[in-house]
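Remarks on the structure that follows.
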Amino acid sequence: MEELGEAAASKDGKLILDFLQAIHAAELRQAELDARAFTEEKKAMKEKYEKELKDAIARELMHAEEAALLDKELKRERAKAAAAIKSLQQKLEEKHKMELAEKEKEAELKLKKVEELSKAEMSAAIAREKASQVEKMAEANLHINALCMAFYARSEEARQSHSVHKLALGALALEDALSKGLPIKVEIEALRTYLNGIDKDSVLDLVLSSLPEETIDHGTDTFDTLKGTLRHFSLIPPGGGGILAHSLAHIASWLKVREANYSGNGIESVISQVESYLAEGKLAEAADALEEGVKDSRAVEVISSWVKQARNRAIAEQALTLLQSYATSISLT
């Protein structure tokens with residue numbers, strides 16, 4: 001019994017195992033079927049979603065193109081609107097400017113009319129005032145002119161008197177400079193200034209301009225400085241001489257200075273005659289006498305400069321005499 005039981009048990013176990021294996025095999029087949037179905041369904045879903053994605057992308061591209069077209073159209077419309085606004089603004093500004101210009105022109109015309117009226121009224125008032133002032137000024141001018149003429153006469157008289165006084169002093173200064181053999185440039189310039197204060201067109205200005213330049217700038221040598229040299233060279237023959245001749249001439253001239261008698265035709269007589277002419281103010285005659293007295297000696301070379309200066313001084317003293325006469329005549333008028 002036990003063996004039968006064990007055999008039956010083993011048989012049942014085998015059946016169970018076979019059943020389990022059959023179930024497992026069925027499950028495997030079912031799993032394969034399920035996997036195949038899932039794969040097919042997954043593939044179908046993938047294809048579906050890919051198609052939907054492509055459609056969505058296509059729609060998005062289409063929408064983007066539509067948006068671009070709309071944006072372009074919007075920009076064009078905005079540009080048109082901006083141009084229209086700008087044109088309208090310009091027209092409004094021009095219209096506003098024209099209105100302002102017209103108003104300004106009207107205001108200027110009104111202002112001009114007011115100014116013209118004011119000017120007319122002012123001109124009338126000024127004319128009336130001027131007429132009144134002219135009468136008063138005419139009367140005042142008569143008194144002022146009379147006073148001015150009197151004052152000018154006195155001022156001119158005082159000025160001319162002062163200038164004449166200066167001219168006389170200038171003549172004295174010129175006389176002093178000439179007597180000392182000094183340059184007279186300063187005195188001549190001062191005299192010209194004084195003459196301008198009296199008479200700018202005076203002939204004395206021409207006289208002063210004709211004075212020798214050498215006398216004006218350097219003055220004249222006195223005859224005393226020439227006498228010793230004159231005595232020395234008058235004893236030397238025209239042909240010249242050596243050292244001995246010059247020494248003897250020097251001693252002889254020194255001795256002749258001490259002679260008291262200057263009569264005759266010697267050099268002392270010539271010197272005496274020249275000094276006599278100079279004392280009388282006869283400069284030209286003194287120059288002629290000196291030239292004549294030493295013409296046959298070496299002294300001719302020595303006296304040439306002094307003779308020229310003496311004649312120039314004679315011209316200057318003639319001008320001085322004319323100047324003094326003019327000053328005297330002016331002071332008496």
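The values are calculated or read from the model by the stated rules, or taken from the named source; none is laboratory data. Bear in mind the structure is a predicted one, so any value in this text is a computation, not a measurement. Neighbour counts are summed over all protein chains in view; Cβ atoms, including those assigned to glycine, are modelled from backbone coordinates with ideal geometry.
Looking only at residues in the range 268-290 that are buried (at least 17 other Cβ atoms within 10 Å of the Cβ) and among the acidic types (Asp, Glu), the one that is farthest from Gly181 (Cα to Cα) is Glu268. Among residues of the range 263-288 being among the hydroxyl-bearing types (Ser, Thr, Tyr) and touching a Ser or Thr at 6+ places or on another chain (Cβ under 7 Å), the one that is modelled with the highest pLDDT is Ser269. Within the option set Glu301, Glu291, being at pLDDT 75 or above, of a type in the set (Asp, Glu) and in a helix (DSSP H, G or I) holds for one residue only, Glu291. So, Lys43, is that one at pLDDT 90 or above and either loosely packed, with under 10 Cβ neighbours inside 10 Å or of a type outside the set (S, T, N, Q) (or both) or not? Judged against the criteria, Lys43 is not a match. Is there a residue being modelled with pLDDT under 75 and within 16 Å of Pro212 (Cα to Cα) anywhere in the range 312-329? No, because not a single residue in the range 312-329 is modelled with pLDDT under 75 and within 16 Å of Pro212 (Cα to Cα).
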